[in-house]
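Notes follow the structure.
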Amino acid sequence: MSTKISIVHVKDHNNLQEAIIKGIELIEDDFKFNLSELSYILLKPNLLRATEDACTQPSFVDGVLSYLTKKGIDMKNVSIGDSPGQIKTSASNIAKKIGLYEVAEKKGVKFVDFEKEIPIHETIDGAIYLTDYYVSKPVKDCDLLINLPKLKTHGEATITGAIKNYWGIIPGGLKAKFHLLGKTPAQFGDTLADNYAWVIQNKPNRLTIYDLEKVMYGSMGPVSGPMKEWNLILVGTDELALDVVALAIGKFKGLNFVPHLKSAYNRNLGVGNLENIEIVGISLEEAKKIAPKFKMPRKSMTRFASLITGGFVYKVTKKIPIMTKKKCKKCGMCSEICPAHAIHFVNNEYPVFNKKTCISCLCCLEVCPHQAIDTKARGFKGLFTSY
Ligand code: SF4
Ligand code: SF4
């Protein structure tokens with residue numbers, strides 16, 4: 001296997017749009033898809049928290065939309081979406097706070113919250129942990145998935161970048177449930193690689209444009225941490241290769257330190273050897289000179305973070321639906337829509353929720369016509385449950 005990646009130096013932020021278009025055009029002859037034949041293009045930025053450093057920049061997404069406009073793509077066929085998996089916010093709320101929603105509106109592009117639609121039950125060939133998997137409907141439906149990651153340190157996964165950004169294709173609270181499957185950094189790495197395997201197996205048309213203008217360092221990533229200017233953009237279609245090149249630019253050697261990259265490499269999910277990656281644009285050596293050395297979180301730090309989040313945070317923050325009998329009109333719509341068959345309904349009786357099989361998608365809350373369902377975090381009781 002081999003692949004091609006372009007590296008572009010963004011000498012002036014005001015020219016970001018031109019740099020993005022140049023980066024994509026350098027590899028577009030190798031696309032396996034014809035842009036003009038696609039009916040639904042989905043852009044997946046990283047929208048983790050409502051701070052500019054934690055997210056793919058709105059100006060970056062704007063640049064990618066400009067490329068699509070240049071190629072004659074009708075913006076009605078394009079959406080932007082994500083699912084941050086937090087209890088009290090959505091991707092569209094984050095997009096509004098950082099100015100990305102405005103960009104979408106200006107360009108006539110729809111913004112989609114992945115958790116607003118019923119998740120799709122899917123199978124992943126060779127899955128280690130995600131054997132009962134669900135993915136967001138817009139991701140399942142799109143015929144081109146454009147991945148817009150940002151490179152940041154990550155307390156548990158070591159880094160978040162091209163492969164880790166796909167964790168957001170799992171809708172809402174489901175991420176918390178799936179997170180519990182990977183309790184150590186190595187297990188979480190296998191879980192992330194399972195999710196990436198679904199992408200490889202189901203989304204042959206993919207393009208990644210990697211936001212490396214500013215990179216997050218330090219042990220507080222991916223939410224906050226010192227930002228270092230790299231002033232680079234990478235473009236390619238193989239996410240493992242893109243992460244490998246990003247780390248090489250940061251003078252970081254060895255996939256073994258990043259569990260999900262190691263797992264993806266061992267499972268042959270992408271191109272992990274630099275000798276099989278053709279670089280166009282500026283050379284790898286030139287890029288290395290531009291970017292300061294990347295610093296990973298220490299292994300002891302990622303082990304500790306996994307212990308805390310896997311063993312405590314996700315158990316406590318898992319969302320569960322709560323039904324109010326006073327408001328319920330016994331219509332049964334929640335039971336009909338539940339993708340996990342976790343709501344037992346008998347005519348003229350109140351629905352009964354099975355917390356064990358509930359996947360926290362909150363579709364029941366969305367569909368209930370009488371606002372009888374609310375959500376709450378499971379709280380400390382979650383520490384004493386096995387699901
Ligand atoms: S959808 Fe709402 S009103 Fe209908 S049964 Fe469920 S909780 Fe009750
Ligand atoms: S009970 Fe509600 S939140 Fe749980 S899986 Fe069913 S629809 Fe989703």
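Filtering region 323-342 to residues that are farther than 10 Å from residue 372 by Cβ and more than 7 Å from ligand 1 (Cβ to nearest atom) leaves 336, 337, 338, 339, 340, 341, 342.
Tallying residues that are out of contact with any Lys or Arg (no Cβ under 7 Å at 6 or more places or on another chain) and over 20 Å from residue 58 (Cβ atoms) within region 145-158 yields 4.
Residues in region 22-52 that are surrounded by fewer than 19 Cβ atoms within 10 Å (Cβ to Cβ) and assigned to a helix (DSSP H, G or I): 22, 25, 28, 29, 30, 35, 36, 37, 52.
Would region 86-101 turn up any residue that is under 30 Å from residue 268 (Cα atoms) and of a type in the set (Phe, Trp, Tyr)? Steps first, answer last, please.
At the first step, the residues of region 86-101 found to be under 30 Å from residue 268 (Cα atoms) are none.
No, region 86-101 has no match at all.
Among the residues of region 60-99, those identified as in contact with a strand residue (DSSP E or B) (Cβ under 9 Å, 6 or more places away or on another chain), of a type in the set (Ser, Thr, Tyr) and modelled with pLDDT of 95 or more are 67, 79. Residues in region 1-32 that are within 23 Å of residue 272 (Cα to Cα) and under 24 Å from the mean Cα position of the chain (by Cα): 3, 4, 5, 6, 7, 8, 23, 24, 27, 28, 31, 32.
Contact list please: Cβ distance under 6 Å, first residue in region 201-223 and outside the structural domain of residue 290 (by TED's automatic domain parsing), second residue at pLDDT 95 or above, pairs at least six apart or on different chains. The qualifying pairs do not exist here.
Do we have any residue at all in region 344-353 that's within 19 Å of residue 377 (Cα to Cα), without any contact (Cβ under 8 Å) to a residue 12 or more places away in the chain and more than 8 Å from ligand 2 (Cβ to nearest atom)? So that I can check it myself, show each step before the final result.
Initially, region 344-353 is screened for residues within 19 Å of residue 377 (Cα to Cα), giving 352-353.
With the extra rule that they be without any contact (Cβ under 8 Å) to a residue 12 or more places away in the chain, the set shrinks to 352.
Those left that are additionally more than 8 Å from ligand 2 (Cβ to nearest atom): 352.
Checking region 344-353: at least one residue is within 19 Å of residue 377 (Cα to Cα), without any contact (Cβ under 8 Å) to a residue 12 or more places away in the chain and more than 8 Å from ligand 2 (Cβ to nearest atom).
It is to be established whether one or more residues within region 57-71 are part of a loop (DSSP other than H, G, I, E, B), of a type in the set (Ser, Thr, Tyr) and in the same structural domain as residue 143 (by TED's automatic domain parsing). Spell out the reasoning first.
Residues of region 57-71 that are part of a loop (DSSP other than H, G, I, E, B), as a first pass: 57, 71.
In the following step, the residues that additionally are of a type in the set (Ser, Thr, Tyr) were identified as none.
Within region 57-71, not a single residue is part of a loop (DSSP other than H, G, I, E, B), of a type in the set (Ser, Thr, Tyr) and in the same structural domain as residue 143 (by TED's automatic domain parsing).
In region 319-352, the residue that is farthest from residue 84 (Cα to Cα) out of those that are crowded, with 21+ Cβ neighbours inside 10 Å and of a type outside the set (A, V, I, L, M) is 351.
The values are calculated or read from the model by the stated rules, or taken from the named source; none is laboratory data. As the structure is a computational prediction, the values presented were derived from the model and not from experiment. When we count neighbours, we look across all protein chains shown, and the Cβ atoms used for this are built from the backbone with ideal geometry, even at glycine.
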